[in-house]
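Derivation of every value follows stated rules applied to the coordinates shown; laboratory data play no part. No experiment lies behind these values; they were computed from the predicted model shown. Here the Cβ is made from the backbone with ideal geometry for all residues, glycine too, and neighbour counts use every protein chain on show.
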Amino acid sequence: MARALIPLAKEAGLPSCWAQEEGAQEEGALDDGALDDGAQENGAEASPGIGMEREDRLALIVAVARAVIAHEGELTRLDQAIGDGDHGVNMRRGFEAVLHEADALAELGTAAALEAIGYLLVNRIGGAAGPLYGTLALSMGRHGGNAQTLDDWILAFGQAIEDVKRRGKSEGGQKTLLDVFVPVHAVLVEKGAGAVAQLARIAEDAAEATRPMRALRGRAAFLGDRSVGHVDPGARSASLILGVIGRVLCGEN
Ligand SMILES: [Mg+2]
């Protein structure tokens with residue numbers, strides 16, 4: 001097993017990044033009235049650094065790219081139901097380009113690598129998803145230039161989400177990839193490192209929650225009520241990517 005990039009286990013009294021039980025942080029935080037002070041003292045709320053080295057970036061880039069490529073069929077089926085069926089092919093094409101450049105990307109610092117990935121995704125994914133995923137990666141790279149801790153990256157993630165909203169002229173609740181990014185970001189802000197171990201489940205639940213939504217943006221919006229009952233393909237690809245990132249940060253891949 002690869003080393004965990006978020007060394008939270010020992011200080012937080014957790015057996016491993018994955019093994020944290022839901023609610024464990026809340027129980028500790030509710031012990032007395034001094035919520036913030038108590039949390040800082042026991043270390044559970046302190047933002048851990050992410051010690052990304054070249055091989056860590058390479059592992060992360062390769063794992064995300066391979067997962068997206070492996071799920072082409074699922075993304076295609078979801079987009080065939082409520083879109084034009086090209087999301088699987090588009091995402092595969094974009095992440096094949098990322099995989100092809102993985103070694104060179106990993107040589108860059110994490111923020112610079114994200115910017116470079118953003119350009120690749122804008123140019124290679126195409127469709128509606130290209131500019132959105134491209135903006136997310138590019139913006140995270142730009143806002144994360146000095147990021148060192150998990151909190152710094154969560155802040156950059158939030159700023160990047162705002163840029164994606166502007167780019168897509170969209171908000172959460174409209175059955176798009178934002179319906180995964182926005183709630184996952186909110187949980188990360190609330191729970192910090194404690195949420196990373198659960199990132200896959202949180203993101204998958206958020207994607208599943210797009211099923212009963214009526215699409216208000218994107219091609220699916222033309223379907224109106226017929227978009228109800230299907231998971232949004234962009235929300236699913238977003239949950240896939242976030243889930244892999246959570247696993248790699250915890251040393252699972
Ligand atoms: Mg499409």
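May I ask you to evaluate 6.51 cos²θ - 1.76 cosθ + 1.60, the Karplus curve with θ = phi - 60°, for each residue of the range 78-91 and list the ³J(HN,Hα) values in order in whole Hz, giving x for glycine and proline?
So the J values, rounded to whole Hz, are 5, 6, 5, 5, 9, x, 9, x, 9, 5, x, 5, 4, 5.
Taking Cα atoms of the range 71-113, Rg/Rh with Kirkwood Rh, to two decimals?
Details: Rg = 13.7 Å, Rh = 11.5 Å.
For the range 71-113, the value is 1.19.
At each listed q (0.08 Å⁻¹), what is the log10 of I(q)/I(0) that the Debye formula gives for the range 53-249 modelled as equal alpha-carbon point scatterers?
-0.23
Between the range 66-86 and the range 121-152, how many Å separate their Cα centres?
21
Count neighbours as other Cβ atoms within 10 Å of each site's Cβ, and list the trypsin sites (Lys or Arg not before Pro) in the range 89-177 that are DSSP loop with at most 16 such neighbours. Write down the numbers at each step before the final one.
Working: sites: Arg92, Arg93, Arg124, Arg142, Lys165, Arg166, Arg167, Lys169, Lys175; in loops: Lys169, Lys175.
Here the trypsin sites (Lys or Arg not before Pro) that fit, given the DSSP loop and packing criteria, are Lys169.
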